Amino acid sequence: MRLPTFLLALLIMAAPHITRAQQQNLILVELFTSQGCSACPPADALLPELDEMPGVLALAFHVDYWNYLGWKDTFSSPQNSARQKAYSHALHKRSLYTPQVIVHGREAIVGHKARKIADALQRQMQASPRIMMEASRDGGILVVRIEPVDGPRPGAVDISVVRYMPSQEVEIRHGENAGRSFTYHNIVSDWDVVARWDGREPVDLRFEGLGDEPVAVIAQEADMGPVLSAARLP
């Protein structure tokens, strides 16, 4: 599934002019999905299209609560399900479902609704930033600098480091998608809240032991509040 041409044009016009090698202060798209969900393949196919948009970082969080349907998602984890549940509470949603997209920690959308996702992305791209974040890595060492900008200061901000796999093909042998093969993208393999910043003064952070996987950095208001910034580090 590709975004309609006019939606692509809107996103490109709204997006900051940055290169793939310097992707800082991105809009974060989180897809909560499952290999065992028959409604998820269109959203899984849309994810890499979103990730190619300038100024966007799209990540797939595979949940484990559909594993009882006959196929255990090979990327699923209870941690990912807990993250989605925390969003449900924070955004006052009554239930969990897949596929679900969360745009920058602010809006929950059915994961294959390209037009609604594009509209949400445009709103976030046009909003004034509340912080600026720069991240770089040297092998297994990650360096992050965060500083507030003019305007209302955020409260407590959680800094998360996310490890992810760029892509992997999976053959589904049982369950609702039995007999089909899919290529999944930006598959989150692990994420950790590694620091909390008070949002007041600039701060420099340093983390070691990243390993070889690509990583992303997310700055998010505490208790699953709005995302303030995200960065990609291949």
Computed [θ] at 222 nm, helices only, for the chain once each DSSP H run of length n ≥ 4 contributes -39500 (n - 2.57): -6000 deg cm²/dmol
Residues with amide H under 5 Å from that of residue 190, placed H, sequence gap 5 or more: 163
Rounded FRET efficiency, nearest 0.05, which uses the C-beta distance separating residue 132 from residue 193 and R0 of 22 Å: 0.60
Distance between segment 66-114 and segment 144-174 - C-alpha centres, whole angstrom: 15
Inter-label distance for residue 171 and residue 38, nm, one decimal - labels placed 7 Å from Cα along Cα-to-Cβ: 2.3
Computed lengthening from residue 180 to residue 203, 0.36 nm per intervening residue step minus Cα-Cα distance: 3.5 nm
Contour minus Cα-Cα distance for residue 223 and residue 149 (0.36 nm per residue): 24.5 nm
In nm, spacing of pseudo-spin labels at residue 113 and residue 141 (7 Å Cα→C-beta vector): 4.6
Given (1) 0.95; (2) 0.97; (3) 0.93, the label whose value is Rg/Rh (Cα atoms, Kirkwood Rh) derived from this model: (1)
Protection proxy ranking, peptides 43-50, 92-99, average beta carbon neighbours within 10 Å, highest first: 43-50, 92-99
Helix 5-14 vs. the chain, principal-axis angle (Cα, 0 to 90°, nearest 10): 20
Between 0 and 90°, nearest 10: helix 78-90 axis offset from the chain longest Cα axis: 70
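Values in this text are rule-based calculations from the coordinates and carry no lab data. The shown structure was predicted, so the numbers you read here are calculated from the model rather than taken from an experiment. Heads up, the Cβs are rebuilt from the backbone with ideal geometry, glycines too, and the neighbour counts pull from every protein chain shown.
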